[in-house]
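Presented below is the structure to which this report refers.
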There are 2 protein chains.
Amino acid sequence: MPTATQRFVAENEARLLDELKQFLRIPSISTLPEHNQDVARAAEFCAEHLRLAGLENVEVIATSRHPLVYADWLHAPGKPTLLCYGHFDVQPPDPLELWHSPPFEPTIRDGSIYARGAADDKGQMYVHIKAIEALRAVNGTLPLNVKFLIEGEEEVGGVSVTEYVAKNPAKLKADVALISDTAMYAPGLPTIETGLRGLIYMELEATGPLRDLHSGIYGGAAPNAVFGLIELLAKVKNAHGQIQVPGIYDEVAPPAAEEKQSWAGLPFDEQEFLKNEVGSSQLTGEPGYSVFERTWARPTFEVHGIAGGFTGAGSKTVIPAKALAKCSFRLVPNQNPDKVVAAFRKFIAEHTPAGIQTELKVLGQSPGLLVNPDHPAIRVAAQALTDIFGQKTVYTRSGGSIPIVGDFAEHLHIPSILMGFGLPDDGLHSPNEKYSIDNFYKGIMAVAHFMELYGKNPL
Amino acid sequence: MPTATQRFVAENEARLLDELKQFLRIPSISTLPEHNQDVARAAEFCAEHLRLAGLENVEVIATSRHPLVYADWLHAPGKPTLLCYGHFDVQPPDPLELWHSPPFEPTIRDGSIYARGAADDKGQMYVHIKAIEALRAVNGTLPLNVKFLIEGEEEVGGVSVTEYVAKNPAKLKADVALISDTAMYAPGLPTIETGLRGLIYMELEATGPLRDLHSGIYGGAAPNAVFGLIELLAKVKNAHGQIQVPGIYDEVAPPAAEEKQSWAGLPFDEQEFLKNEVGSSQLTGEPGYSVFERTWARPTFEVHGIAGGFTGAGSKTVIPAKALAKCSFRLVPNQNPDKVVAAFRKFIAEHTPAGIQTELKVLGQSPGLLVNPDHPAIRVAAQALTDIFGQKTVYTRSGGSIPIVGDFAEHLHIPSILMGFGLPDDGLHSPNEKYSIDNFYKGIMAVAHFMELYGKNPL
């Protein structure tokens, strides 16, 4: 029999979806300065809806880049305090031509809502606000204390929120953080993630001749910045995907035996993963490791983009003077980002081709993290998910990075519950990003239920 | 004592330079469709000035892309016929921010005129038209028969002119062609080029996953189109610049002993070449070959540009689905372009990394060519240059490609005189392209003098 909060959600489905659509229409692309006003509008949207849900002390906090939003409700003495985190900024939608409907005009198809940010993270963080609204509508009060901290720089490194957490530990102090910015392992299968990879995001620039040269006249004697960058990057991994930077694997902590055993029990069809999610002719990666290990528990090196020379229509026979690549390492628990950066700088210095100069800029870095699944809040969260979705909650890791988890651990000394309502094929950072509408509603029910259960938990 | 034509040039310097400026103001960039009208305007400019110089049967010939211009004057029975060739299209001027004056607002600095196309090839081909004007102004007639064929697609593969030459051999028939689209070996040192490299210009596209993927979630298992393209291209040359495509060097004709000897006598300071022309930390290329051999007599592989994934401001953690490179082989005499393309296709098929699909498009191809310096017209041309510049004419090669030389050889069975008035540091295809104003005037004198001398030559 549905609870009162579940009935509230069911009776308000149309309005809740309509509100989410309003939120998704704001093109809050944090990496593009021309969208700064939109990021600010998304912050105001969050603040307004926190107020409507009954949160207090709602603040839009200016930073050196994009604003933060804070709110709290602290009228449950003797009860735990939950810190809800999410982000209202989104990735750029390009390549635009691949979207079947406009990225900022949310469109319903086959039970999902399609829009940039639908799953990452607007549609998920909005669940927290609506859970508060549902609990207050039904009970007139909340079963525990809550604080909200919502940021607008998650997709660009989250510098402001990191600084804010470091400077305001007393204000933000809580017993546990709740983050819904991950995916369920499979449709209908409630999932809590207990491990995250870290990230070192970098820009590598190569310079060859002082200016672009005519390849007929100079070809054979002059260094080529694009080719030099290609040669250098190609050396970072071998044909098996093994990173060639010395020492990179030295501190990698292997997953625990129980973790590996649990992963082996997850439903997984490698051919389906290849065909429906990756969409290439074959999978790649280190031999001897399962897909779970390769994506959750092994470091990787990727080139996210490269540009240099002439790539317009037709022919231009230049030897390019400059080339740029964006690249990253994903790190796993126990790897030290500073050590990896230092090893990579050494590798670059040793392998930069003759005649080429290189410059490496680190745009951001965060370590990999593990969460203990035996923490009481995590156990209660797993129970709440199991109750709402009707299936036993599984524990997985994510290959992605949520640097705020590290900030909360370091400055507030609290664990984070990674309770995600996305799905593996939601297309985060890709064209046609989507979010299950059913998960949106069940997410609100599950978060409300978790708050009810956790509020009963002795401190 | 100056001849009458030399006096004519000297007396008309200001006007001649002003006309050239008008020509250079037309942004006739053949590779960019938005400049199609400008290419057509440049054709009309040529036609108008051919008429003013006294040429007859002036035609602007429509093609499937950019127009050709034809003109002739055939009233010297018993005299040789000279076919003057040039092109009025130019390369794109980007990167614009590196120009010290606007690329299409010709500016005089230190005895040179700076503009896109100043040396390549407007300022050089205009020399031919002005030589005709000078001879007719002074003598009322011409010392030989002349035909002009000027094209607007040289920078984009010259398909239309190739077709036109193939279809109109009788109309274009001549004893020798004159092409001024090369450089003098050094300032003041008159130069005729006797060898050209060929060119195979290609686009190589790589596809990995069906869409851009999140590198956190899929990194370690999904192929990356940018990295796949990088891996493949890096294999095409080794660290010494040696092309790794099997058989590529098999048919390379080494330069004749006399050629190598003559090159060894050319003034050349490798440190100055490195510092003032190339501007990198060191030269590169195949060990065991001189710079002349590497740039004139050895094939090369270059990547002219590469694009794929995210390269905007900030961070985007995608595994890119697609990547594209523009690349080329320069070929030397005796290499068969078809064989090289076939060998490269095989190489790509064998070395494309796992999970990646590649597609190679050949945008244009032409073989390397040699011209016999003992041909009577070449000897007369060398004499004319020696007379005007006061230094003995040297024979060099060019590492660049002039496909029309092959077309004239194949369809008209005539050699081409490569009498260039550019300089090595003119910055062809680069920002701040320039052209020596003194060479412009001397070029007009030299071409007029060559016509006078060659007109006296028995057929």
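Worth pointing out:
- Test result for A:Pro287, in a loop (DSSP other than H, G, I, E, B) and either farther than 23 Å from B:Ala222 by Cα or in the same structural domain as A:Gly355 (by TED's automatic domain parsing) (or both): no
- Failed item, numbered, when A:Phe344 is tested on (1) within 14 Å of chain B (Cβ to nearest Cβ); (2) assigned to a helix (DSSP H, G or I); (3) in contact with a strand residue (DSSP E or B) (Cβ under 9 Å, 6 or more places away or on another chain); (4) not β-branched (Val, Ile, Thr): (1)
- Selection within segment B:295-323 - outside any strand (DSSP E or B), facing chain A (nearest Cβ under 7 Å) and either closer than 21 Å to B:Ala225 by Cβ or in contact with a strand residue (DSSP E or B) (Cβ under 8 Å, 6 or more places away or on another chain) (or both): B:Phe310, B:Thr311, B:Gly312, B:Gly314, B:Ser315, B:Lys316, B:Thr317, B:Pro320
- Filter result for B:Asp72 (farther than 20 Å from B:Val146 by Cβ and buried (at least 16 other Cβ atoms within 10 Å of the Cβ)): no
- Filter result for A:Ala42 (assigned by TED's automatic domain parsing to the domain that holds A:Ala137, part of a helix (DSSP H, G or I) and under 19 Å from the mean Cα position of the chain (by Cα)): yes
- Subset of segment B:270-292 (residues that are facing chain A (nearest Cβ under 9 Å), more than 24 Å from the chain's Cα centre (by Cα) and not small (Gly, Ala, Ser)): B:Gln282
- Strands (runs of 3 or more DSSP E) wholly inside segment A:168-276 containing at least 3 residues that are touching an Asp or Glu at 6+ places or on another chain (Cβ under 9 Å): A:198-207
- On inspection, B:Pro190 does not qualify as surrounded by fewer than 21 Cβ atoms within 10 Å (Cβ to Cβ), out of contact with any Lys or Arg (no Cβ under 7 Å at 6 or more places or on another chain), in contact (Cβ under 8 Å) with a residue 40 or more places away in the chain and away from chain A (no Cβ under 13 Å).
- Filter result (of a type in the set (Lys, Arg) and either over 20 Å from B:Val447 (Cβ atoms) or outside any loop (DSSP other than H, G, I, E, B) (or both)) within segment B:79-122: B:Arg109, B:Arg116, B:Lys122
- Qualifying residue in segment A:179-198 (condition: of a type in the set (Lys, Arg) and touching a Leu at 6+ places or on another chain (Cβ under 7 Å)): yes
- Residue satisfying all of: in segment A:175-230; over 29 Å from A:Lys361 (Cα atoms) and charged (D, E, K, R); farthest from the chain's Cα centre (by Cα) among these: A:Asp175
- So B:Arg51, is it surrounded by fewer than 18 Cβ atoms within 10 Å (Cβ to Cβ), touching a residue at least 12 places away in the same chain (Cβ under 8 Å), away from every other protein chain (no Cβ under 14 Å) and part of a helix (DSSP H, G or I): yes
- B:Val69 vs. criteria more than 14 Å from every other protein chain (Cβ to nearest Cβ), in a strand (DSSP E or B) and aliphatic (A, V, I, L, M): yes
- Verdict on A:Gly220 being modelled with pLDDT of 95 or more, on the phi > 0 side of the Ramachandran plot and touching a Phe, Trp or Tyr at 6+ places or on another chain (Cβ under 9 Å): yes
The values are calculated or read from the model by the stated rules, or taken from the named source; none is laboratory data. Owing to the predicted nature of the structure, the values given are computational and were not obtained by experimental measurement. Cβ sites come from the backbone with ideal geometry, for glycine too, and all protein chains shown count toward neighbours.
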